[in-house]
Amino acid sequence: MMRTRECGTLRAADAGAQVTLAGWVHHRRDHGKVIFLDLRDASGTVQVVVHPDESAEAYEAALEVQREFCVQISGEVAARRPGTENERLETGDVEVRARALTVLSPSATPPFVIEDGVEVDEGTRLKYRYLDLRRPEMQGAIRLRHALTRGIRTFLDGRGFIDIETPTLTRSTPEGARDFLVPSRLQPGTFYALPQSPQLFKQLLMVSGLERYYQIARCWRDEDLRADRQPEFTQLDLEMSFVEESDIQVLMEELMVSLWRDVLGVEVSAPFPRMTYDECMRRYGSDKPDVRFAMELADVGAVFEGTGLGIFRKVLEDPQGSMLAIGVPGGASMHHNELRRLEQLARERGAKGLAWFRLTENGLDSPLAKHVDDALIARLVQALGLTTGDLALVCADKTDVARAVLGALRVVVAQDRGLIPEGRWEFLWMTDPPLFEWDPDDERWVSVHHPFTSPQGPVEQMVQDPGNTKARAYDLVLNGVELGGGSIRIHRRDVQVRVLEALKRDPAEFDFLLEAFGYGAPPHGGIAMGIDRMAMLMSGRESIRDVIAFPKTQSGGDPMTGAPTGVEARQLKDLGLKQQPS
């Protein structure tokens, strides 16, 4: 056998056993007459002792071994001498006395040390991803992701759901982000699209009478990237027939409780709080609020009413303007450089500026101090619940801008100042978002969720007042991260046509779906949950790239394979394509 035991499984009870191990040399220490090797495989690490008196051949081989050599070692498990145990290792009570050592594969000097906590730029990690994945913390993240998807399958299988694959080569039906297009060789001049989600197929499965579908689905979107986005990603896709919003929400709450218990050993409470979109925006300036800490937005228009400051007065006179503020506990200790950084962040998010007021032991400190009186500051203190040592941040602008700016700054400040409690899992349902939003560039309404989301209320009301129509939609938010979103879908052909017309979309784009709706489509709804984001949060990582085996960079490239690359002219010719000059 290549090996009889795994490195990380050896314990004191194994002392005296003859074993054969295989793995990578994690560390090598040459003490002159004896060589110590830390041998690592997927199960963990164990110390190996190579002594010339016990095996001259093994010792000679060990002289040539370096870090990350892949080796096979045979020997006897022995208890370590008292006082030499290693409490940091689960195998720290034992060592293996080598009798034979075979180099299975040598290794070049790695570009970085293969161990946790190593300081190396992400580009290098991704170029040598196969080495990065050898690190125990990365293996732990990948294994946690496996446990997550295994738990999802077990839970849904037990509730009558069917795992069904849907096509990855399909028709381009733009639903928001750009499609990745695949040219057809057999039908020149035509293209497939990689699915942004299995949305239409899962609705067709409901028309098919399968009633309960799920899939761990691969999806593709050609969009700008960030820490929680990739051009290809994985989601739990789920659809049910004959349901309302609460049916799906309760099911997902039960799933989350099950996953956090089984994967993390953590108990979370259900039902999760519900908060409407309007309330989320009013209180937190975000449709995915982090409610682990306070610092809620407050309307301070009445506080500054009658102010002589021109910019404030102008905003207060604007029906679409607002003066909003947040209070930062202990924020008066922030230096002017920190406050200038917040001002810059506010401008980057579209604000004209950011006002701040520090309540110090020596009194008020603010660039606007000479423009405000004691009575105004007293009203501001009362409105925000401030005390000496606190800070007020005030944004006067269009209401949506002021909300977005302070919603972002409350998170930045809370992170910088350690105001976010650790170890808390705060789930939240965001409900009743707008059905449409106005796109000023295209001068038309676009879907907030997607064009297949049911409107609340009669369809005539939607036609007459699209800007104030709410959707039968919901997002599941955790600690300020949107885990997923779903909706009750449109199942009537006439309603779907009216929605597409309101969006100035040609119903012919979705002729196959509309035709299916003519054959007794059941009411149905579902949700899509980001597997990558769930795994990121559960493993305590800051980027989904750390829980994806082979991710792309923020520019969409793969440093390891070099993708994307050019292709040969012959390949383009087969597809009826020609390379345009750059």
Overall dimensions of the range 357-463 by Cα: Rg and Dmax, Å: 20.6, 61
Sequence-distant residues sharing a close amide H with VAL94 (under 5 Å, placed H): ARG80
Label-reachable residues, the range 176-218, where backbone N falls under 17 Å from a point 7 Å from LEU514's Cα toward its Cβ: 200, 204
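Keeping every protein chain in place, order THR553, THR469 by accessible area at 1.4 Å, biggest value first, i.e. largest first.
Numbers: THR553 30, THR469 0 Å².
Sorted by accessible area, descending: THR553, THR469.
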Given charges at Cβ of Lys, Arg, Asp, Glu: the range 239-295 dipole, positive-most of LEU251, PRO273, PRO289: PRO289
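What full-extension length gain, to one decimal in nm, is calculated for LEU225 and THR168 as 0.36 nm per residue of separation minus the Cα-Cα distance? Walk me through the intermediate numbers first.
Details: separation 57, 0.36 × 57 = 20.52 nm, distance 2.13 nm.
Gain on extension, LEU225 to THR168, equals 18.4 nm.
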Distant-in-sequence amide H partners of GLY484 (H built 1.01 Å from N, under 5 Å): LEU476, GLY530
Portion, in percent, of the accessible area of the chain that falls on carbon or sulfur, probe 1.4 Å: 48 percent
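Between ARG97 and PHE36, 0.36 nm times their residue separation minus their Cα-Cα distance comes to what? It would help to have the intermediate numbers written out before the result.
Details: separation 61, 0.36 × 61 = 21.96 nm, distance 0.98 nm.
Additional length available on full extension: 21.0 nm.
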Distance (nanometres) between label positions extended 7 Å along Cα→Cβ at ARG81 and GLN580: 7.4 nm
Quotient of Cα Rg and 2.2 N^0.38 Å for the range 141-295, N being how many residues it contains: 1.23
At most 10 other Cβ within 10 Å, DSSP loop - GluC sites (Glu not before Pro), the range 332-383: GLU361
Cut-off 13 Å, label 7 Å out along Cα→Cβ of ASP442, residues of the range 143-184 by amide N: 173-179
With DNA, RNA and ligands ignored, accessible area of ILE420 (1.4 Å probe; Å², nearest 10): 30 Å²
Rounded, prolate or oblate (a/c below 1.5 giving rounded, otherwise prolate when a/b exceeds b/c) for the chain by Cα gyration tensor: oblate
Net charge of neighbours whose Cβ lies under 10 Å from the Cβ of GLY530, counting Lys and Arg as +1 and Asp and Glu as -1: -1
Inter-label distance for ARG283 and ILE142, nm, one decimal - labels placed 7 Å from Cα along Cα-to-Cβ: 4.2 nm
Residue-normalised accessible area of the chain, expressed per residue, 1.4 Å probe, Å²: 49 Å²
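Quick check: from the Cα gyration tensor, does the range 273-337 come out rounded (a/c under 1.5), prolate or oblate?
Working: a/c = 2.78, a/b = 1.24, b/c = 2.25.
Oblate is the answer for the range 273-337, as a/c is 1.5 or above yet b/c matches or exceeds a/b.
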For the chain: lysine pairs under 17 Å (alpha-carbon distance), excluding those fewer than 8 apart on one chain: 4
Cut-off of 10 Å, at most 12 other beta carbons, DSSP loop: longest stretch of the chain lacking such chymotrypsin sites (Phe, Trp or Tyr not before Pro): 243-518
Projected label distance in nm at ALA294 and VAL495, using a 7 Å step from Cα toward the beta-carbon: 4.3 nm
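So if each residue of separation counts as 0.36 nm, and I subtract the Cα-Cα distance between GLN320 and LYS370, what length gain in nm does that give? Can you show the working numbers first?
Values: separation 50, 0.36 × 50 = 18.00 nm, distance 2.78 nm.
Roughly 15.2 nm would be gained on extension.
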GluC sites (Glu not before Pro) lying in DSSP loop within the range 110-194, provided at most 11 other Cβ fall within 10 Å: GLU119, GLU165
Shape metrics for the range 20-161, restricted to C-alpha atoms - Rg then Dmax, Å: 18.3, 64
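Using only the Cα atoms of the range 106-184, build the gyration tensor, take square roots of its eigenvalues as a ≥ b ≥ c, and label the shape rounded, prolate or oblate: rounded if a/c is under 1.5, else prolate if a/b is larger than b/c, else oblate. All intermediate terms of the calculation are to be shown ahead of the outcome.
Working: a/c = 3.09, a/b = 1.49, b/c = 2.08.
Judged from the Cα gyration tensor, the range 106-184 comes out oblate (a/c at least 1.5, b/c at or above a/b).
Quick one: in the range 229-387, what % of C-alpha pairs are over 20 Å apart? Mind dumping the intermediate values first?
Values: 8347 of 12561 pairs.
Beyond 20 Å sits 66 percent of the P(r) for the range 229-387.
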Rounded to whole Hz, the Karplus (6.51, -1.76, 1.60) HN-Hα couplings of the range 97-105, x for glycine and proline: 8, 6, 10, 8, 9, 10, 7, 7, 6
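The values are calculated or read from the model by the stated rules, or taken from the named source; none is laboratory data. Note that the structure is predicted; figures quoted are calculated from it, not measured. Every residue, glycine among them, receives a Cβ derived from its backbone with ideal geometry; neighbour counts consider all protein chains shown. Surface accessibility is based on the protein's heavy atoms, side chains included, excluding ligands, DNA and RNA. Shrake-Rupley method; radii C 1.70, N 1.55, O 1.52, S 1.80 Å.
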